[in-house]
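A.B. asks: Have a look at this one.
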Amino acid sequence: MKHQTFTHHDILSVEQFSRSDLSVIMERTDDMKRLVETKGGNDSLKGKIMTALFYEPSSRTFGSFIASMQRLGGGIIPIQGVSYSSVSKGESLPDTVRTFENYSDVIVLRHPEVGSAKIAAEFAQKPVINAGDGIGEHPTQALLDFYTITQHFPRISGLTITMVGDMYNGRTIHSLAKLLSLFEGVALNFISPDLLRVSPSLLTLLKERKTPVAEYENIEGTLGETDVLYVTRVQKERFSDLAMYEKLKHRYIVTPKMLFKMKKKSIIMHPFPRVGEITMDVDLDPRAVYISEQMRNGLYVRMALLSLILRKEQ
Ligand code: NCD
């Protein structure tokens, strides 16, 4: 997508974005935020239909894509859980995607397999948006995470971002780390149990882009230098050994006591769902932005993407 118009383009991986693409998306996101705050929405996507085809559970991604389309006056085919579609009869992904593109203008796909969005895009004529492909990527989440960070730190370069939890299976981690590596001097700390360390291939990409990276098993030592603490859950559905999941799931729990060590201007993020990684009393800390800002920004960013992809006049 480098320096091109977004019209009718797929969104498959953050690797397709340049910094100037990011500025275009962030600007449009600002417009959408203003629109929702002043008028609630408009009818700029009237006559357009979005299929939301979700093979895996979702609350925020699904809900905000649906709301985005509706706030812009468009229609939806919401398929949350494919057990009631022909997928349960054994239909293949290419056939399902080619079915729904007959009825809609864009397909938002969440699927358990890495590379599924790319395969869907190869078969579909209509644009495909990756809403999470297994342990691969979650590009729209990275964009809303990035937008949330810029609201607090307009200059991204020089920040220290500490990511905690499941570095191996967490697709939000993969997409956000790649996106941040477009900015010089962003330092990334990855904190995880040894078994859930970030993959060698992602480390190689970050090294190529000269992003300073450090890996730790313990969280405490990094808190003082951290600008953004990005917490994630251990991804239960990716474990074949559930006893191992039980052992690892609460390895890190962020509590108000830990926040004393953090800068006044730092922020705490989480893509959600949380299953105990951040205690509820942390929600009261003004640095906790996961509910008050991050979730809501998902609406604005997805409105921006749909409008960039589906509107003719840019
Ligand atoms: C994330 C996902 O699906 O990868 N959720 C989301 O979209 N906000 C994170 C997760 O499930 O842990």
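The values are calculated or read from the model by the stated rules, or taken from the named source; none is laboratory data. Everything quoted here is computed from the prediction, not taken from an experiment. Ideal geometry is used to build each Cβ from the backbone, glycine not excepted, and the neighbour counts take in all protein chains shown. Heads up: the accessible areas ignore ligands, DNA and RNA and are worked out on the full protein's heavy atoms, side chains in. Shrake-Rupley method; radii C 1.70, N 1.55, O 1.52, S 1.80 Å.
A.B. asks: Scanning the stretch 119-176 for residues that are under 12 Å from the mean Cα position of the chain (by Cα) and hydroxyl-bearing (Ser, Thr, Tyr), which turns out nearest to the ligand (Cβ to nearest atom)?
C.D. replies: Restricting to residues being under 12 Å from the mean Cα position of the chain (by Cα) and hydroxyl-bearing (Ser, Thr, Tyr), the top hit is 172.
A.B. asks: In the stretch 160-179, what residues are aliphatic (A, V, I, L, M) and either in a helix (DSSP H, G or I) or open to solvent by 10 Å² or more (accessible area, probe 1.4 Å) (or both)?
C.D. replies: Let us first name the residues in the stretch 160-179 that are aliphatic (A, V, I, L, M), namely 161, 163-164, 167, 173, 176-177, 179.
Across the stretch 160-179, the qualifying residues are 173, 176, 177, 179.
A.B. asks: Please work out if residue 201 is free of Cβ contacts under 8 Å to residues at least 12 places away in the same chain and under 19 Å from residue 238 (Cα atoms). Explain how you work it out, then say what you get.
C.D. replies: On the way: free of Cβ contacts under 8 Å to residues at least 12 places away in the same chain: yes; under 19 Å from residue 238 (Cα atoms): yes.
The answer is yes for residue 201.
A.B. asks: Which condition from (1) more than 16 Å from the ligand (Cβ to nearest atom); (2) among the hydrophobic types (A, V, I, L, M, F, W, C); (3) surrounded by 17 or more Cβ atoms within 10 Å (Cβ to Cβ) is the one that residue 62 breaks?
C.D. replies: (1)
A.B. asks: OK, next. Examine the stretch 215-235 for a residue that is within 16 Å of the ligand (Cβ to nearest atom) and over 25 Å from residue 152 (Cβ atoms), and state whether such a residue exists.
C.D. replies: Within the stretch 215-235, one or more residues are within 16 Å of the ligand (Cβ to nearest atom) and over 25 Å from residue 152 (Cβ atoms).
A.B. asks: Something else about it: For the stretch 239-264, which residues satisfy the criterion of being out of contact with any Phe, Trp or Tyr (no Cβ under 8 Å at 6 or more places or on another chain) and surrounded by 16 or more Cβ atoms within 10 Å (Cβ to Cβ)? Can you show your working first?
C.D. replies: Pass one, the stretch 239-264, residues out of contact with any Phe, Trp or Tyr (no Cβ under 8 Å at 6 or more places or on another chain): 240-244, 246-264.
Residues satisfying the conditions are 248, 249, 251, 252, 254, 258, 259, 262.
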